[in-house]
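The block underneath contains the structure these notes are about, expressed in structure tokens.
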Amino acid sequence: MYKHFFKRVFDFFIALIGLIVLSPIFIFVTIGLYFANQGKPFFFQARPGLNEKIFKIIKFKTMNDKKDPNGNLLSDAERLTPIGAFVRKTSLDEIPQLINVLKGDMAIIGPRPLLPQYLPLYNETQKRRHNVRPGITGWAQVNGRNAISWQKKFELDVWYVDNISLILDVKIFFLTIKKVFVREGISQEGQVTMEAFNGNN
């Protein structure tokens, strides 16, 4: 009952209250990123959601669009703006996803939505991470986030799908708050973001 009905109800009201409470921070960060990114405070990207249905995720844009002389984007580290680095370290870049939760694209808790090009690379077990709505935070995020391997991350995602409960979601919610303050696992060693997934070989 919780998985198929109450979880969605709770997600909607938590997202609504969250947006209202965090609106001052939302406005402040939006203004700061507007000036840092030449009028582009938000980042929109296609992601697979429930049953692999594609939706547009909304995040704060933490990197600019600077390119090299050949027209190629510079590395993530070179494009990360000072305010973007702060927003990422404090996980404030996730706030706009509350809008995705209101729309029904995402949940508060669930496997993180990854890139569409990864879909053909999953094995049958890993595909099961899409049997639920993706989340702003999840079991993998409180157990290593970007500092663990892809295989371990997928194992944790599938375990969550098989064990969804109100108690587990509450546990993940409070562990996430702890992780935000401790700032653990934001990136892999030597990386600004998680390295790309290249399959199971």
R0 of 22 Å, Cβ-Cβ distance Phe13-Ser165: FRET efficiency to nearest 0.05: 0.75
Label-point separation (nm) for Thr30 and Lys3, each offset 7 Å from Cα along Cα-to-Cβ? 3.7
Would you calculate the separation in nanometres between label points at Ala196 and Ser149, each defined as 7 Å from the Cα along the Cα-to-beta-carbon direction? 2.1
Give me the percent of accessible area attributable to carbon and sulfur for region 71-182, probe 1.4 angstrom. 62
Given a 1.4 Å probe and the protein chains all in place, what does the accessible area of Glu52 round to, in Å² to the nearest 10? 70
Cα convex hull of the chain: mean projected area in nm², to one decimal? 11.8
Taking Lys59 as the anchor, which aspartates and glutamates have their alpha carbon closer than 15 Å to its alpha carbon, excluding any fewer than eight residues away along the same chain? Asp93, Glu94, Asp105
Region 1-104, convex hull of Cα, quarter of hull surface, nm² -> 8.0
accessible surface per residue for the chain, probe 1.4 Å, DNA/RNA/ligands not counted, whole Å² -> 55
Computed for region 43-201: size of charge dipole around the Cα centre, +1 on C-beta of each Lys and Arg, -1 on C-beta of each Asp and Glu, debye to nearest 20, value 320
Taking the Cα atoms of region 48-116 alone, what are Rg (to one decimal) and Dmax (as a whole number) in Å? 14.4, 42
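The values are calculated or read from the model by the stated rules, or taken from the named source; none is laboratory data. Keep in mind it's a predicted model, so treat the numbers as computed, not measured. Cβ sites come from the backbone with ideal geometry, for glycine too, and all protein chains shown count toward neighbours. Remember, those area values only see protein heavy atoms, side chains included, never the ligands or the DNA or RNA. Shrake-Rupley method; radii C 1.70, N 1.55, O 1.52, S 1.80 Å.
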